[in-house]
Amino acid sequence: MNIPSFTSIQNQVGRKEYNSLPSPGLCLPFLGHYTIFLETTEPLKRVWNLYKKYSKKGLMLMTVLGQNMVIVGDFDTLKQLFNNPDVQNRGHGDYKKCQIAGKVSMERGTKLQPLGGIFLSQGKIWSEQRRLTVKTLKDFGFGKSSMEEIIQDEVKQFINYIKQFNPTEPREITGLFTLPILNSLWKITVGESFAYDNPKLEKIHEMLGEFVKNIVHISTFLEIMYPWIFDLFPNFLNRQSNIDIHKSLASMMRESIDQHRKTLDVNSPRDVIDTVLIEIEHTEDESSSFYKETGYANLVNTLIDLFMGGSETTSTTLTWAVLYMVREPQVQRKVQAELDAVVGSSRPPTLADRPKLPYTEAVMMEIQRCGNIVPFALYHMSSIPIEINGLSIPANTMICPCIAEIQKGNHWKDGMSFRPERFLDESGGIKPNELLIPFSIGKRRCPGETFAMMEFFLFFTNILQHFSFLPEVEGQVPTEEYFAGLTVIPKPFKSIIMPRT
């Protein structure tokens, strides 16, 4: 019996354990519900609609290419699952054969080391790498530069860049924020900053774009579940392309790491790389993910994770921000009025102003809710059988959070409308809502949340202090339709960027 047919039969037998979970329609051998994705050009929206129709007690079972997965669209259920220590793995198979998303598994001597970094690692590697990354980004302050100062420098460069535009000529907004966001992230992690036309910055941008595009390809899913496929067909589904991109990115990161090692002062870290190098210098535990060469390999993968996640998500959020300001001019004017009253025009908005700008904060929250840039966040894997809401989830099941349902479902009053006031109380202060989870939830929530929110606030407030965003054609606003990749990106649109007087 060949491996695919065995997997199919094994999957059908295993489904008996899932009988209490609702499932959408016919599940074919091996393919499972994969045909659902072939029937639509909007697979994410299709799964969300199926969830709304078939889910029970916040859960819906799907099977794709032999792998069972449970879609979770109820906040309390997701909170329980994603805080459960037995639902924290990524579930890769044979590390030695697996190069998920181009990430080559590491070996030290004869002892196999699993995939490194943050996003795709698990167990001790994940907990160690995440702990230091979160601490470093949260407590950022290297040399004489704080995180806010670095972002403000980038914002200033970006404002001056936009001022060169012809205010009567509509500008393409998609991609406008990518280079400045990438540049500030590069400065914080690597310690370098570039002009926007610098060939190195453009090369990094190009490679990350290709990497992000490829990582959501079906080949990534197949390699997670069935790495043996790529032993038989090494370049199946153009997988080699992603490995080549990763190697190029890794080479660039190693070059920066080597430069830092030559000039490292353990008493004066300059950036994220220095901080991790100091940890590697002090690590004597051979089982640690920071030990010697394993530490350097993990640093490479962690840096790529930060750039892949940090640059794409924040630039996409800012693109949605402009789209909604064009669609909702009265909201844009109200944000600008609050900025004028609190900040004025003689200085830039700072993080210290943030508590004094509740309407602006509410608008940012509504942009994150409606933009919903990650409608299905990164999956977790159950390592043991889980009982929840009276239903059973067996071990080795993918747990996939439906963030779209949680942030835009029927439990929100007029949830499909853009209404920032939903985040304000009667006195005009911020009214938090736990259902807003743009960075996911639980132990594996986005490690770069603090940095991302700083960037979002400083870029958003500064550009609205200086400019107004108008429709390309008066009376015709851009659509909320999108393209889905690693994030949900608005379909290309243009705006007139008018300097404020």
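Rule-based calculations on the coordinates, nothing more; no lab input. For clarity, every value in this text was computed on a predicted model and none was experimentally measured. Neighbour counts run over all protein chains shown; Cβ positions are idealised from the backbone, glycine included.
The amide H of residue 374, built 1.01 Å from its N in the peptide plane, has 488 as neighbours under 5 Å, considering only residues 5 or more places off or on other chains. Report, in listed order, any pair from 334/408; 156/491; 163/247; 413/491; 200/356; 124/203 with a Cα-Cα distance greater than 31 Å. Pairs exceeding 31 Å: 163/247; 200/356; 124/203. Are there GluC sites (Glu not before Pro) in segment 264-335 that DSSP marks as loop and that have at most 13 other Cβ atoms within 10 Å, and which are they? Taking segment 264-335 and a limit of 13 other Cβ atoms within 10 Å, the loop GluC sites (Glu not before Pro) found are 284, 286.
For the pair residue 35 and residue 378 in one chain, pulling the backbone fully straight at 0.36 nm per residue adds 121.3 nm over the alpha carbon distance. Exposure proxy for 353, 425, 414, 305: other Cβ atoms within 10 Å of each Cβ, ordered fewest to most, give 414, 425, 353, 305.
Given R₀ = 35 Å, FRET efficiency for residue 263-residue 443 by Cβ-Cβ distance, to 0.05?
On the way: r = 36 Å, r/R0 = 1.02.
The formula returns an efficiency of 0.50 here.
When the Cα gyration tensor is reduced to axis lengths a ≥ b ≥ c, the ratio a/c is 1.5 or higher for segment 3-499, and with a/b not above b/c it is classed as oblate.
Per residue of the chain, what 222 nm ellipticity follows from adding -39500 (n - 2.57) for every DSSP H run with n ≥ 4, rounded to the nearest 500?
-15000 deg cm²/dmol
Take the Cβ atoms of residue 160 and residue 396, set R0 to 51 Å, and the FRET efficiency comes out at 0.45.
Listed by chain and number, the aspartates and glutamates placed with their C-alpha closer than 14 angstrom to that of residue 57 are 74, 76, 387, 405; residues fewer than eight positions away on the same chain are left out.
Membrane-span-like helices in the chain: DSSP H runs reaching 15 Å or more (Cα, own axis), mean Kyte hydropathy at least -1.0? Those that clear 15 Å and a mean of -1.0 are 3-14, 123-138, 147-163, 178-190, 199-215, 272-282, 292-327, 329-342, 358-371, 449-466.
Contact order normalised by length for segment 3-499, with contacts defined as Cα pairs under 8 Å and 6 or more residues apart; what percent is it?
Numbers: 734 pairs, mean separation 111.1, N = 497.
Relative contact order of segment 3-499: 22 percent.
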